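Presented below is the structure to which this report refers.
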Amino acid sequence: MNAPFLAACAALIALGLAFVLIPLVGASRGLPQRRGLYALALGLAFVLPLATLGLYRLLGTPAALVPGAEIARDLTPQQAVADLRRELDAHPDDADGWTTLGQAYATMQQPDAAAAAFAHALKLRPDDADLLVAWAEADSMASPQHHISDLARSRLQRAVMINPEHQRGLWLLGISDFQRGRYADAVAVWQRLLPLLPAGSQIAQAVSQQVALAQARGGLPPTIAATSTAPAAVTSVPAANSATAPRLRVTVGIAPTLAGRVPADAVLFVFARAPGGPPMPLAVRKLPARLPATVVLTDGMGMSPAMNLSSVRDVVITARISASGQPLPHAGDLEGRSATVPVRQTTPVMITIDKVL
């Protein structure tokens, strides 16, 4: 891939994102799940271009542009990943290959495998800011509560030291501060990010809302940058505290006809989503599949501060037994689902796993 080709790809990706993100965020005005849509927009803007280029390297056929060139066989993503993995077994010093493999796993929503691939690449390129951020992101996605660990945080800090304008690194570092209740630090990091974003863009407004939310949670004075682009952010989601934050108690059982189909090493996922909202969970728990089981879902179990239980009024809770240990559904998994329930419901939510996927 030469420079003009990459530039054309980047332009097409940017154009495609504009068609997706602007209507997505614009349509969210006035909706209770508005904050979740902002977070989805941020994820698309920061992650999709890298994932697209990674999959292009795996699945693209640039040889098709050359007359008379032989075009490789069509591959499924799984076959392409398997082929690349065999190449890396033979040539383990290929940092680009490990990076592409990590991006492919991340796109396929296999964060454990993605983190392992990025770790291989980091051994070869320990000062690569993009790799440091990619590993930290994959590591947090592999965590049951999507928590950014101390090691991931240190790698994010190193990444933004190497590249002080790394947008995804600054975004995740701010999330790390927010998760730890260090709201002033989160505000400072996100205010470093804001000047790097297109002025007045929907993405800049979404980050400004996160700044305002952190200021509200931390009892900090609002800044001009935050209030000028998102005046409603401070009041749209109440500050979470022990008295007002949602705590959904969920009791999971299983139908007698399915009790004998639970593998000994299976994993139970319990997660809440907004009805009709984005597919990303607002809270998720992972634990051994020993039923009956009781879990409590709270704000701190979301994928980001913007996507939590407090950001919506109602949720649907799903309990899934996964034989593979992966959060994505697979054939043969066992599942049960609640009706729509208020996030501030105080009585236990009862779920019976009664369906085979």
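The values are calculated or read from the model by the stated rules, or taken from the named source; none is laboratory data. Everything numeric in this text was worked out from a predicted model, so none of it was measured. Because the Cβ atoms are built from the backbone with ideal geometry, glycine has one as well, and the counts that use them run over all protein chains shown.
Looking only at segment 99-128, residues that are surrounded by 19 or more Cβ atoms within 10 Å (Cβ to Cβ), at pLDDT 90 or above and more than 19 Å from ASP89 (Cβ to Cβ) come to 1 in all.
Here the helices (runs of 4 or more DSSP H) wholly within segment 85-152 that include at least 2 residues being aromatic (Phe, Trp, Tyr) and out of contact with any Ser or Thr (no Cβ under 9 Å at 6 or more places or on another chain) are 95-107.
If the condition is being within 22 Å of GLY169 (Cα to Cα), hydrophobic (A, V, I, L, M, F, W, C) and either outside any helix (DSSP H, G or I) or modelled with pLDDT of 75 or more (or both), then segment 204-231 contributes ALA204, ALA206, VAL207, VAL211, ALA212, LEU213, ALA214. Filtering segment 265-311 to residues that are at pLDDT below 85 and more than 17 Å from the chain's Cα centre (by Cα) leaves PRO275, GLY276, SER310.
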